[in-house]
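Here is the structure we will look at, set down as structure tokens.
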Amino acid sequence: MKSAVVTFPASNCNRDMFDALEKITGQRPHEIWHQDTDIPDVDLIALPGGFSFGDYLRCGAMAARSPAINGVMAHAERGGNIIGVCNGFQVLTEMGLLPGALMRNRSLKFVCKTVQLKVENADSTFTNAYTDGQVIDIPVAHHDGNYFADDQTLAELEGDGRIAFRYVDQNGEATKLSNPNGSQNNIAGIMNKRGNILGMMPHPERLIEDAQGGIDGRGFFESIINSLN
Amino acid sequence: MKARVHITLKNGVLDPQGKAIQHALDALGFNGVDDVRQGKYIEIDLADTDKATAEANVEEMCKKLLSNMVIENYSIDID
């Protein structure tokens, strides 16, 4: 699988994303700088986590207007796969490629811990290596991960099976206590209508080999590879 | 010309920071604060000399960058 990682000033998970993609796909991803206007033809573009442009104005707002974004948009329109993790999710919502917005955590605190996610729809480009209802451990590290969308958008996301991951407890129940940031409907990750774009706050790239304490994130990347075959 | 832009959260959008401010005001003894909503205020110096052009310009700025229409409203004052 050919991939590219777009780095913005103050991205800080671009190396993790790069390493995860290289180790799992066996191919070095292209490194794209935010000022690059050309993105090579790839199977996947990844927007990594971090605090692009210092989170000025709104998280992801500046990054979503970078020169490199034109290439990301063109890739999206061609039906190319795009993932946005953490700040990358915020960028995708600011670009309008995913609905809703990520707001300040309800607790107002930066949350950095491992959470349980339930795979809500294992029949997608990004989740097919998991099983429906599977509970996986994935770390979160963010200050602005509180997913908000209006009622109609939420109903569409739920009805279309476009919620990929939900924050749950050990038993797979989406409770208030298992929700680290106040997201509506405990939403941790969503997809666009066409199914080629996913955004999520948790970091699958941080759990892809045993040295990191687990491999629950591998399935995410393996799913994308599966979907190409 | 100078444009003054106020960005506020739409009704129905939860504002955890506003809530925290409300609680802090209450703790300081400011009773009777029913609600607090936090927003942004942006000043822009413009080269435009025509008010209508300036307004149209700033409107575009609000739509394209300054506000996120999913969660925010904006208002513009120009003088």
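The values are calculated or read from the model by the stated rules, or taken from the named source; none is laboratory data. Given the structure is predicted, the values throughout are model-derived calculations rather than measurements. Glycine also receives a Cβ, built like all others from the backbone with ideal geometry; neighbour counts cover every protein chain displayed. Just the protein is used for accessible areas: all its heavy atoms, side chains included, with ligands, DNA and RNA removed. Shrake-Rupley method; radii C 1.70, N 1.55, O 1.52, S 1.80 Å.
Remarks
- Each listed q (0.13, 0.15, 0.18 Å⁻¹) maps to a log10 I(q)/I(0) for region A:13-140 from the Debye sum over equal C-alpha point scatterers, namely -0.61, -0.82, -1.19.
- Unit charges on C-beta of K, R, D, E only; dipole of the protein assembly as shown, Debye: 320
- Each chain gives up part of its surface: B and A jointly bury about 1300 Å² of accessible area, both sides summed, for a 1.4 Å probe.
- Computed from backbone phi with θ = phi - 60° and the Karplus coefficients 6.51, -1.76 and 1.60, the 3J(HN,Hα) list for region A:40-46 is x, 5, 10, 7, 8, 10, 10 Hz; x is used for glycine and proline.
- Mean sequence separation of contacting Cα pairs (under 8 Å, at least six apart), scaled by the length of chain B, corresponds to a relative contact order of 52 percent.
- Rounded is the label for region A:3-228, because the ratio a/c of its alpha-carbon gyration tensor axes (a ≥ b ≥ c) stays below 1.5.
- Centre separation in Å (Cα based) which lies between region A:88-146 and region A:166-216: 4
- Built amide H within the under 5 Å cut-off of A:Ser11, gap 5+: A:Phe51, A:Phe53
- Nonlocal amide H pairs with B:Glu72, under 5 Å, H built at 1.01 Å: B:Lys10
- If the convex hull is drawn through the Cα atoms of region B:2-78, its volume per residue in Å³: 102
- Over 19 Å between alpha carbons, listed pairs A:Lys113/A:Lys176; A:Lys176/B:Lys40; A:Lys2/A:Lys113; A:Lys118/B:Lys10: A:Lys176/B:Lys40; A:Lys2/A:Lys113; A:Lys118/B:Lys10
- Entry note, the protein assembly as shown: the mean residue ellipticity at 222 nm calculated from DSSP H runs of n ≥ 4, each adding -39500 (n - 2.57), is -7000 deg cm²/dmol after division by the residues and rounding to the nearest 500.
- For peptide A:61-68, the mean count of partner chain Cβ atoms within 10 Å of a residue's Cβ comes to 1.
- 3J(HN,Hα) along region A:158-174: 5, x, 8, x, 9, 8, 7, 9, 10, 6, 9, 8, 4, 8, x, 9, 7 Hz, from the Karplus curve 6.51 cos²θ - 1.76 cosθ + 1.60 with θ = phi - 60°, whole Hz, x for Gly and Pro.
- The radius of gyration of the Cα set in region A:182-229, together with its Dmax, comes out at 12.7, 37 angstrom.
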